[in-house]
Structure formats: C-alpha cells, structure tokens
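Visitor: Dropping a structure here in structure tokens format, bear with me for questions.
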Amino acid sequence: MARRSTKTPPPEEFEERILDIDVVDEMQGSFLEYAYSVIYSRALPDARDGLKPVQRRILFQMNEMGLRPERGHVKCARVVGEVMGKLHPHGDASIYDALVRMAQPFSMRLPLVDGHGNFGSLGNDDPPAAMRYTEARMASPSSLMTESIDEDTVDFAPNYDGSEREPVALPAAYPNLLVNGSSGIAVGMATNMPPHNLGEVIAAARHLIRHPGADLDTLMKFVPGPDLPTGGRIVGLSGIRDAYETGRGTFRIRATVSVENVSPRRKGLVVTELPFAVGPEKVVSKIKDLVGSKKLQGIADVKDLTDRAHGLRLVIEIKNGFNPEAVLEQLYKLTPMEESFGINNVALVDGQPLTLGLKELLEVYVDHRFEVVRRRSEFRRGKRSDRLHLVEGLLVALVDIDEVIRIIRSSDNAAGAKASLVERFSLSEVQTQYILDTPLRRLTKFDRIELESERDRLTEEIAELTRILESDAELRKLVSAELADVAKKFGTDRRTVLLESAGQPASAVPLKVADDPCRVLLSSTGLLARTATGEPADASADAKRVKHDVIVSAVPATALGEVGAVTSAGRLLRLRVIDLPQLPETAAPPNLAGGAPVSEFLTLADGERLVCLTTLDESSPGLAIGTEQGVVKRVVPDYPANKDELEVIGLKDGDTVVGAVELRTGEEDLVFVTDDAQLLRYQASQVRPQGRPAGGMAGVKLSPDAKVISFTAVDPAEDAVVVTVAGARGGLPGAVSEGTAKMTPFDQYPRKGRATGGVRCQRFLKGEDCLVLAWAGAAPARAATATGMPAELPTPDPRRDGSGTPLPKPVTVVAGPV
C-alpha cells in the first residue's frame, strides 16, 4: 500500500485522471511487448553473427576492455560487471552463464572465450566455479568476430539507458551460427541448432559465393551433417536432410564405443565419446539404476576413468557369458548413450524470427559479410582519401617552402596566415590548417621523399578499394579469400562420424554367449586360455614355431562349463571356462600369447604350481597321478558340484605331485622317469582306482637319494617318444644351461611290473650325474625356454641307453601336440 503524504496540498493541484482500459487489451498488449522483448533481446540469435544479445555484448565489451588473445586474463567478475553496468540490463547470473558456455570446448565447436579455472564439465556434472574465481579473455576466433568493428562495418544502437552505444550485430569473419550452433527458448518458439565443422561450412559458403544458384544437394556435399564438439556417431541421415531443407529435423547421436579386454578375465565396453551435452556421471547413474532394477543384464561394473591427460574414458565391464555387442545395443536403447537431437533453425532476420534451411542460413551470412566488407572498404577509402588530401597539400607547401614561411611570418595572426595561404596556393582550409599545425622539422628534404612515397601508396590503395566497391565480382572474390584464410587458420578435422544406419540390429546378436564346444589350454609359462572351437589345432611338425606354443595340458570343454585344475599339492580346483580369455582363430600351432596367468583365476600357496587340467566328467576312467617319492594313484572321478576345492590324493610329508593326466580309455601306459635316468613303463590297469582321500600305492622303486622328475601316460597305439635331458646336480631346477638331450622312440622301452626299478634311459657323459628334465608322450615333441620361446630338440636316437647331444639353448619344458 502506498504511503499518503501528511501535508494536504491545495485543492487546485488535484486533477483526477482515470482511464478505462479493457483488461483483455491490456494483457494482449503487455504480453506482446514481453514476447517481443524475449524473442528479440534475449533468446534467439541473429542469423548474421549467430549470437544472442548477451553473447554479443560480452564479446563487444571484452574487445572494448582490450581483453584480446595476446593480453592477460582478468577475473570473470570484472567482465560480467562491465557488461551488466553498460550494456545488459539483466542479472549477473545470466551473463556469467553465457560467458561460461562460450568458454567450454565441449559446448562450442570453436570456443569464443579463453578461460582459466573451472568452467564446468560435460553434462554439467561438475558445475563451474563462481565468477570471482575464474578468469577469461577473448579466444583467437572471437577476435575475428569483432575484427574491423571500428571501421563503420555494422550499425550501432543506444544501450538500455542511452548512455552507451552497442553494435546490433558483429562483423563476424566466419559463419558462427552454423559453426557453434545455438539453443534458446523464447515465448511461443524455440531454437536448437547443432554445431558444424568450420572448414566444411566455409567451403559451402565459398561455393555459394561463386555459384549463388547452388541447390541444397550441392551444398550438402560440403556440409554432410553436424560436427559435434564431443564427437560421437550420428545414425541416420534422413533427418539431417530434412533439417537442411526445411529448418526442422531430427537425428540420433550415439556414443563412440569399442570392445576391449579390460582385464585378463573380462571384456568390456570402453566409451571415449558421448552424445552432445551428455556427461559420464549421467550415464553411470542410469546404468546402475537399470542394473539394480534388473532391467539390464550382463554388466559387472562401471568405472569412470576420465582425466585431463586421456580425455573421456568410461569402462563398462561385461560379465562372462554375455555378448558385449548385445549389451551395447541394450545400453543404446535404455541409457543416454544414444540421444535424439531435434534441429529447429529459428533465427532473427531483420528483427523477425524465421525458420531457415542450410542455404538460407548461408545466404543471410554471405549477404551480411558482403555488407561488412563493402562498408569497411568505403570507410578505408574515405580515410585514405582524407589522408591523401592532406599529403598533397603538404607537398604543395614543400615546393615553395620559403614563400610559405614568409606568408606565415608576415601575417598578423593564424587566421590571416590561413587566409593568405589559401589564396596564394589554392589550398583547402583543411590542408592549410594541417600545414600550419606541422612542425618545421617535418619540412626537410627527406620528409618530402617520404610524403611522395606515401602519396603513391595511398593512391594505389584508393584505386584498389574503388575497384572492389565498383565490382561485385571483386567484392565476392575478396570475401571468399578472407573466408579461406579463416578456414586455413582455424579449421580442424571432423570429429563426428556420419552413418547411414545403425548397422546390425540388436536382435541379430544373442545377449548371452552360446555354450559352444571349446578347448582349455595351459601353456608352459603358466598361461590359461580357451579356444573358439572344440577341434584340436593343427600341430604338424613343419608348422612355424611361435612364442608360447608349448601346451602342457589341454582338455575339451564348453564355453559355459567347468574344468578341473590339479596342483602339485594334490588339490583339484574348479575353473569356470567362460572366465578364461578366448584366443583368436589363428593358424597352428596354438599361441597362448593372448592368455592370462594362472594367478588371475586360482589362488595357489607358496611353492604350489598347476600340474595339469582335467575334465570333470564322472564317466571317464579318472585321473592318474604320480608323486616325487614314486607313489602312483588312479582317482575315482567323483567331483561334488557344490565344492570348488577337492583333495585328489593324500600326500605324505615332503611329497609332491610331479605329474597328473586324465586317462581317456584306461588302456594307456603309465611312465615314471627318475633323476638317476631310470624309466618304468607299465599298464594303467595295474593300478586299482581309489577314492579321492586315498594316498595311492607304490608306483616305481627308487634308488637311494633318487626321485621322480616326470610322470605321464602314453597311448601305446600312438607314435610316441621319450625326451631326457642330463646335467649336473646342484644346478638351477628346471633350467638347463649346460647338458645334453636325447630323444628316443617310446617303443624302445619294454613294459615292466608296477613298483619295479625300470630300465636305463640315458648314459651320463663327463660332468653329468643326473637327469634334470624328462618327458614321455605322443610325437612330435616340442620344447621351450623359461620365457616360452621355442627351442630345438635333437633328432631321435634309437638307443634307449645312449648318451645325449648338447642343447643349442636352455630348455625348461617339453610337451607334445594338443
């Protein structure tokens, strides 16, 4: 309620004025004024420079403050205060928000402000710091927006209170509206324009300058689609074509994702680019909500590894047993990793909001640029003409400088001197005043030469500017050349990939991995992997050897099944096949370079090692196990499904499992080799199967101080060999740097009874007193060094107790084909 004055004025000062106004008319008028103010003064960009009023005022005021790219940064609060106090009659929050957006490289394809400090993050997950903390200056591209603004290139209008003047549009040396896009909500209308590639837009503009009648299809050869600051993939181009034709259209943006091995046990989806204006935290939150509500399957974990050094990196780990491609399609469907962008090209043209297509947007900008260059040329020609007029007058005075000095000295005052000079030399008043203002030191012979050079230069420049102003072709050529220079200086490669379609539909890829047959492999260096097929690889003797191609154990399995892992401590551990990395289908021999260490899947005690792999098929003949102290055991295949760890042999103190193998038929021969060069071979049927906790029975008779170094099972129907390597006691176990090796056909060794001493398998040479390595199995035998590199073995020697031949390189393991 208004306060009434306590002083009563005289009655004659009162004059009652009451206007009756229809409330409908008042509301309509007020609403239209408000709507026009929002449309024209706040929300919509001008089609000429692509800027909203607040953006234009920020750049203009920063230019007036001298905050150019070569100058230092100043506090954003200072810029906001200057803009608010002189030009923008609104709150500081709206000004600072616009300033922040112009400094964000993920919002603008060509940022207009160079900022120091926290200017926010993608998707506004991390809001910008307050303006009292951040600093800013004009970016290099924004200097092109205000270039030549002081040369009468654009119109100026009073500010909100008439105390200042501001430009109605900036000169804009490049098509900023298309390059940086725009978004805004007015009253009854809105605009939403995506960013584009600077080089592509300028190429289209230059083509339009040369060919004003170019059609849309031709222009789209230069501008095939938007180029978003955050990259990504645009799927489906029909909506873009509609937008470029009518000003309205829709397209879909997808994140850029690759399938990688994010850990030795799992594959994952690595996101390096997200849709425009979508932040990683929004994606992570949505994925976690979907996983928690059981609407999304197959995801084990989500990690945001984004940093300044590597940029955006969102790692989505996929559970074993799920196809990453199918999970990715679900993510596109259910999360912001795929978003729609609705193009609505609404901009102000001569103060009126219009919906414009690609050609119309380019035409408005090109016409604006023509006007800017024309007015700039007129301004420069006028300035040069004025200067030429003064130079010519001064040259006239220099021709007869003595007379000029005499007239000046004889005059009573400056006015008289001025009149006398005008009458004597036929000069204009401007020229005469300039002569009078020129100091005597400028009237030397050298200055006359400089003035003549300046006159000639000004004459040439005026002629060139006149040629541009009088020729439409020259004007177009100049505008095109200037645009080409901008593209050369600031052009960058395209970031967004354009795709006609999304490719393979989600329904074509099953979500879960099929339970296909495969083989699980264990390499000599302790790497585990599975193949893509259940068929054994070609392991012909003449195949090219590669690193990690010696497979010490291989068992058939299925992708979703389990296998057993037997350790030197007599334990059997369950191993999920789907957890193992899958090898690519490469040529033989098998290469486990893509495998993962045993430690990634099993927890072993100190000194415990993995001996072999076995199926968990209870219909098989079971496992055959041999220990260092000469014990042998056949294990009844009884593996309870509810236990992940089982004991398969009760070991005596100090004993350890040397070898284990799963029998296929039960008709195999079991083979012991001791370090004193004794080999014992007998049928597996001589060993009675026992339960898992049993301790086994005597397998081989050992000499004093002797021990078993190898235990294997050999099918007598196969072509098999025995490999032994002799060395000296006290050397490094499992590594032979000096010694001799011998390969002998397996059939040279006769069968003996269980628990006997066997027969000699190699004669020691001088300096040798034991076997350090031995193996018996199907040919061809393969050897490897400690690092998994292939090693050569000697040719077969038919003498079972003959001596060996020197090794070309150290050998740590021997195995047969898989």
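Visitor: Contact list please: Cβ distance under 6 Å, first residue in segment 399-420 and outside any helix (DSSP H, G or I), second residue surrounded by 10 or more Cβ atoms within 10 Å (Cβ to Cβ) and of a type outside the set (D, E, K, R), pairs at least six apart or on different chains.
Guide: Ser411/Ala417; Ser411/Ser420
Visitor: Hey, another quick one. Those residues that are more than 15 Å from the chain's Cα centre (by Cα) and basic (Lys, Arg), I need them from segment 245-276; list them, please.
Guide: The answer is Arg248, Arg252, Arg265, Arg266, Lys267.
Visitor: Which of the following residues is modelled with pLDDT of 90 or more and in a loop (DSSP other than H, G, I, E, B): Val283, Val278?
Guide: Sole residue among the options that is modelled with pLDDT of 90 or more and in a loop (DSSP other than H, G, I, E, B): Val278.
Here's the yes/no breakdown for (1) of a type outside the set (Phe, Trp, Tyr); (2) crowded, with 18+ Cβ neighbours inside 10 Å; (3) within 18 Å of Phe276 (Cα to Cα):
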residue: Val74; (1), (2), (3): yes, no, no
residue: Arg78; (1), (2), (3): yes, no, no
residue: Tyr96; (1), (2), (3): no, yes, no
residue: Gly123; (1), (2), (3): yes, yes, yes
residue: Arg137; (1), (2), (3): yes, yes, no
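Visitor: Within segment 133-150, take every residue that is charged (D, E, K, R) and modelled with pLDDT of 95 or more and give me the one that is nearest to Glu371 (Cα to Cα).
Guide: Arg137
Visitor: Can you list residue pairs whose Cβ atoms sit under 6 Å apart, with the first residue in segment 353-377 being under 18 Å from Leu483 (Cα atoms) and the second being among the basic types (Lys, Arg)? Count only pairs 6 or more apart in sequence or on different chains.
Guide: As it stands, the answer is His368/Arg48, since those pairs meet every condition given.
Visitor: Can you tell me which residue is nearest to Thr153 (Cα to Cα) among those in segment 378-425 that are among the small types (Gly, Ala, Ser) and under 60 Å from the mean Cα position of the chain (by Cα)?
Guide: Per the criteria, the residue is Gly382.
Visitor: Taking segment 319-355 only, how many residues are part of a strand (DSSP E or B) and more than 30 Å from Ile299 (Cβ to Cβ)?
Guide: 10
Visitor: Give the number of residues within segment 425-435 that are more than 15 Å from Leu388 (Cα to Cα) and exposed (fewer than 14 other Cβ atoms within 10 Å of the Cβ).
Guide: Going through segment 425-435 one residue at a time, the tally reaches 1.
Condition check ((1) buried (at least 16 other Cβ atoms within 10 Å of the Cβ); (2) under 24 Å from Gly561 (Cβ atoms)) across all residues:
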| position | (1), (2) |
| --- | --- |
| Ser599 | no, yes |
| Thr603 | no, yes |
| Glu608 | yes, no |
| Val611 | yes, yes |
| Pro621 | yes, yes |
| Ile625 | yes, yes |
| Glu628 | yes, no |
| Lys633 | yes, no |
| Ala641 | no, yes |
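Visitor: Filter segment 633-668 down to residues that are among the acidic types (Asp, Glu) and under 16 Å from Leu623 (Cβ atoms) and give me whichever is modelled with the lowest pLDDT.
Guide: Asp638
Visitor: Still on this structure, I have one more. Return a yes/no flag: does segment 608-619 have any residue that is out of contact with any helix residue (DSSP H, G or I) (no Cβ under 6 Å at 6 or more places or on another chain) and within 24 Å of Gly753 (Cβ to Cβ).
Guide: no
Visitor: Among the candidates Leu793, Leu773, which residue alone is over 19 Å from Phe672 (Cα atoms), among the aliphatic types (A, V, I, L, M) and out of contact with any Cys (no Cβ under 8 Å at 6 or more places or on another chain)?
Guide: Sole residue among the options that is over 19 Å from Phe672 (Cα atoms), among the aliphatic types (A, V, I, L, M) and out of contact with any Cys (no Cβ under 8 Å at 6 or more places or on another chain): Leu793.
Visitor: Taking segment 260-304 as the region of interest, how many residues are out of contact with any helix residue (DSSP H, G or I) (no Cβ under 9 Å at 6 or more places or on another chain) and under 28 Å from Met108 (Cα atoms)?
Guide: Selection size over segment 260-304: 7.
Visitor: Okay, moving on. How do the helices (runs of 4 or more DSSP H) wholly within segment 160-256 filter down when requiring 1 or more residues that are acidic (Asp, Glu): which remain?
Guide: 198-210, 216-222, 238-246
Visitor: Also, I was wondering about something else. For Ser183, are the conditions met, namely being under 27 Å from Arg495 (Cα atoms), surrounded by 16 or more Cβ atoms within 10 Å (Cβ to Cβ) and modelled with pLDDT under 95?
Guide: Yes.
Visitor: Being in a loop (DSSP other than H, G, I, E, B) and either under 27 Å from Phe746 (Cβ atoms) or within 54 Å of the chain's Cα centre (by Cα) (or both) is the filter here, so list the residues in segment 637-654 that pass it.
Guide: Within segment 637-654, Pro637, Asp638, Tyr639, Pro640, Ala641, Asn642, Lys643, Asp644, Val648, Ile649 meet the criteria.
Visitor: Check Gly727, Gly757, Gly804 and return the single one that is closer than 30 Å to Val687 by Cβ and either at pLDDT 85 or above or more than 53 Å from the chain's Cα centre (by Cα) (or both).
Guide: Result: Gly757 is the single residue among Gly727, Gly757, Gly804 that is closer than 30 Å to Val687 by Cβ and either at pLDDT 85 or above or more than 53 Å from the chain's Cα centre (by Cα) (or both).
Visitor: Looking at (1) of a type in the set (A, V, I, L, M); (2) farther than 18 Å from Ala554 by Cβ; (3) touching a Ser or Thr at 6+ places or on another chain (Cβ under 7 Å); (4) part of a strand (DSSP E or B), which one does Val632 not meet, given that it meets all the others?
Guide: With respect to (1) of a type in the set (A, V, I, L, M); (2) farther than 18 Å from Ala554 by Cβ; (3) touching a Ser or Thr at 6+ places or on another chain (Cβ under 7 Å); (4) part of a strand (DSSP E or B), Val632 is out only on (3).
Visitor: Quick check: is even one residue across segment 668-680 surrounded by 14 or more Cβ atoms within 10 Å (Cβ to Cβ), over 20 Å from Ala554 (Cβ atoms), within 54 Å of the chain's Cα centre (by Cα) and small (Gly, Ala, Ser)?
Guide: No: zero hits.
Visitor: Could you tell me whether segment 701-708 includes any residue that is within 26 Å of Val818 (Cα to Cα), in contact (Cβ under 8 Å) with a residue 60 or more places away in the chain and part of a strand (DSSP E or B)?
Guide: Taking every residue of segment 701-708 in turn, at least one turns out to be within 26 Å of Val818 (Cα to Cα), in contact (Cβ under 8 Å) with a residue 60 or more places away in the chain and part of a strand (DSSP E or B).
Visitor: Which of the numbered conditions does Thr744 fail, given that it passes all the others? Conditions: (1) touching a residue at least 60 places away in the same chain (Cβ under 8 Å); (2) crowded, with 22+ Cβ neighbours inside 10 Å; (3) in contact with a Gly (Cβ under 9 Å, 6 or more places away or on another chain).
Guide: (1)
The values are calculated or read from the model by the stated rules, or taken from the named source; none is laboratory data. Since the structure is predicted, the reported quantities are computational estimates derived from the model, not experimental observations. All Cβ positions, even for glycine, are placed from backbone atoms using ideal geometry, and neighbour counts span all protein chains on display.
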